[in-house]
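Student: Take this structure first; my questions come after.
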Amino acid sequence: MTQFLTYDVFTDTPFGGNPLAVIPQAAALPEAQLQQIAREFNYSETVFILPPRDPANTARLRIFTPTMEVPFAGHPTIGAAVALSEAGHGPALRLELDVGLIMAQAADGHATFTATQALDIFARPEADLVARTLGLAPSDLKGAPVMAGMGLTFTFSELASRAALARACVDIAAMREGHARYPMGLDFAQAPYWRDGDTVHMRMFAPLDNIPEDPATGSAAAALGRLLCAEANAPLSLTIHQGDDMGRPSRIAVTVDSAGVTIGGHARRMMEGRLGF
């Protein structure tokens, strides 16, 4: 039977952060079962660790949400890096993902990775549509929404206040309308945020992907960092607070410059066991 581990990612405190299932030796699993296993865990993501295609690299990662495989995601990359570190790899890690090679560092329950793939901007959804999707008034939006990503796509909307962010509550009908208008976004995932200097408070909703709300979204943090860096036309460092409004506080460190974006955080092992088949 195949081992599994679970981690709380982007936290060093039990029951905080974003839960993640890790399958550390997944090579023997049938292809058809990978999505079924991810659906069974029903976490926002499950990561399968496989032997690398290039022996110079550490491992290959395949990442699944409950409904689909995705080419890149942040909290599975951090969690897998910590799991590999605990298995004796590192501290330098070379991780193969569908978006390309990701360089990571991991030791003592903390990991960072640097993503250099391009930031793609797909659309600028109407503010009224996004406001309805978030259960907010158009006046609660401070800036124009932008749909962008680095492997996973999100609609980012700067809000006028922290209180507006706390009030956000997704309207499923409006979410489906947005997905129909902008299918390139996969599930019209929403990432509203409020910024206070180098501190950003963010939430992420993707109910069409069976993720009503995500407590920590490293891929969204990376893309938002890239967007804000381009806006400022200068390097920046941010701490993203996520999960506070759902009782799973998470902290994501983001550093961005012209070379790429580095995401960092802790991951704490919570459970381990074996798949029963």
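Student: Can you tell me which residue among PRO91, PRO30, PRO76, PRO24 is farther than 22 Å from ILE263 by Cβ and out of contact with any Ser or Thr (no Cβ under 6 Å at 6 or more places or on another chain)?
Tutor: Every option except PRO30 fails the conditions.
Student: Looking at GLY79, GLY74, which one is in contact with a Leu (Cβ under 7 Å, 6 or more places away or on another chain), under 18 Å from SER250 (Cα atoms) and surrounded by 15 or more Cβ atoms within 10 Å (Cβ to Cβ)?
Tutor: Among GLY79, GLY74, only GLY79 is in contact with a Leu (Cβ under 7 Å, 6 or more places away or on another chain), under 18 Å from SER250 (Cα atoms) and surrounded by 15 or more Cβ atoms within 10 Å (Cβ to Cβ).
Student: Which strands (runs of 3 or more DSSP E) sit wholly inside the stretch 200-266 and have at least 2 residues that are within 17 Å of SER157 (Cβ to Cβ)? Talk me through it step by step, then tell me what you get.
Tutor: Values: elements: 204-206, 211-214, 236-242, 250-257.
Of the strands (runs of 3 or more DSSP E) lying wholly inside the stretch 200-266, those with at least 2 residues that are within 17 Å of SER157 (Cβ to Cβ) span 204-206, 211-214, 236-242.
Student: Does the stretch 198-213 hold any residues that are farther than 12 Å from VAL170 by Cβ and at pLDDT 95 or above, and which are they?
Tutor: Scanning the stretch 198-213 gives ASP198, THR199, VAL200, HIS201, MET202.
Student: Return yes or no: is ARG248 touching a residue at least 60 places away in the same chain (Cβ under 8 Å), surrounded by fewer than 21 Cβ atoms within 10 Å (Cβ to Cβ) and closer than 23 Å to ALA38 by Cα?
Tutor: no
Student: Scan the stretch 34-82 for residues that are in contact (Cβ under 8 Å) with a residue 60 or more places away in the chain, hydrophobic (A, V, I, L, M, F, W, C) and closer than 22 Å to ALA206 by Cα and jot them down.
Tutor: Those that are in contact (Cβ under 8 Å) with a residue 60 or more places away in the chain, hydrophobic (A, V, I, L, M, F, W, C) and closer than 22 Å to ALA206 by Cα: ILE37, MET68, VAL70, PHE72, ALA73, ILE78.
Student: Please enumerate the residues belonging to the stretch 1-52 that are in contact with a helix residue (DSSP H, G or I) (Cβ under 7 Å, 6 or more places away or on another chain) and within 29 Å of THR239 (Cβ to Cβ).
Tutor: Of everything in the stretch 1-52, those that are in contact with a helix residue (DSSP H, G or I) (Cβ under 7 Å, 6 or more places away or on another chain) and within 29 Å of THR239 (Cβ to Cβ) turn out to be LEU5, TYR7, VAL9, PHE10, ASN18, LEU20, ALA21, VAL22, GLU45, THR46, VAL47, ILE49.
Student: Kindly provide the set of residues from the stretch 83-101 that are of a type in the set (A, V, I, L, M) and part of a strand (DSSP E or B), ordered by number. Break it down into steps so the answer makes sense when it comes.
Tutor: At the first step, the residues of the stretch 83-101 found to be of a type in the set (A, V, I, L, M) are 83-84, 87, 92-93, 95, 97, 99, 101.
Scanning the stretch 83-101 gives ALA92, LEU93, LEU95, LEU97, LEU101.
Student: Which pairs have Cβ atoms under 8 Å, sit 6 or more apart or on different chains, and link a residue in the stretch 255-273 that is surrounded by fewer than 21 Cβ atoms within 10 Å (Cβ to Cβ) to one that is of a type in the set (Asp, Glu)?
Tutor: From the stretch 255-273, the pairs are ARG268/ASP8; ARG268/ASP12; ARG269/GLU86; MET270/ASP8.
Student: Select from the stretch 60-84 the residues that are out of contact with any Lys or Arg (no Cβ under 8 Å at 6 or more places or on another chain) and of a type in the set (S, T, N, Q) and list them in ascending order.
Tutor: Selection gives THR65, THR77.
Student: Residues GLY135, GLY151, GLY185: which one is at negative phi and either in contact with a helix residue (DSSP H, G or I) (Cβ under 9 Å, 6 or more places away or on another chain) or free of Cβ contacts under 8 Å to residues at least 60 places away in the same chain (or both)? Give the steps one after another, and end with the answer.
Tutor: Numbers: GLY135 fails: at negative phi; GLY151 fails: at negative phi.
One residue alone meets the criteria, GLY185.
Student: If a residue counts only when it is surrounded by 19 or more Cβ atoms within 10 Å (Cβ to Cβ) and not hydrophobic (A, V, I, L, M, F, W, C), which strands (runs of 3 or more DSSP E) contained entirely in the stretch 115-195 have at least 3 such residues?
Tutor: 153-158
Student: Which residues, taken from the stretch 11-35, are in contact with a Leu (Cβ under 6 Å, 6 or more places away or on another chain) and either closer than 13 Å to ALA83 by Cα or not small (Gly, Ala, Ser) (or both)?
Tutor: Within the stretch 11-35, VAL22 is the sole residue that qualifies.
Student: Run down GLY151, GLY143 and say which single residue is within 22 Å of the chain's Cα centre (by Cα), at pLDDT below 95, assigned by TED's automatic domain parsing to the domain that holds VAL170 and not acidic (Asp, Glu). Lay out the reasoning, then the answer.
Tutor: Values: GLY143 fails: within 22 Å of the chain's Cα centre (by Cα).
One residue alone meets the criteria, GLY151.
Student: Separate question: Just give me the residues in the stretch 231-252 being closer than 14 Å to ALA111 by Cβ and either over 13 Å from the mean Cα position of the chain (by Cα) or of a type in the set (D, E, K, R) (or both), in sequence order.
Tutor: Selection gives ARG251 alone.
The values are calculated or read from the model by the stated rules, or taken from the named source; none is laboratory data. Nothing here was measured: the structure is a model prediction, and the numbers come from that model. All Cβ positions, even for glycine, are placed from backbone atoms using ideal geometry, and neighbour counts span all protein chains on display.
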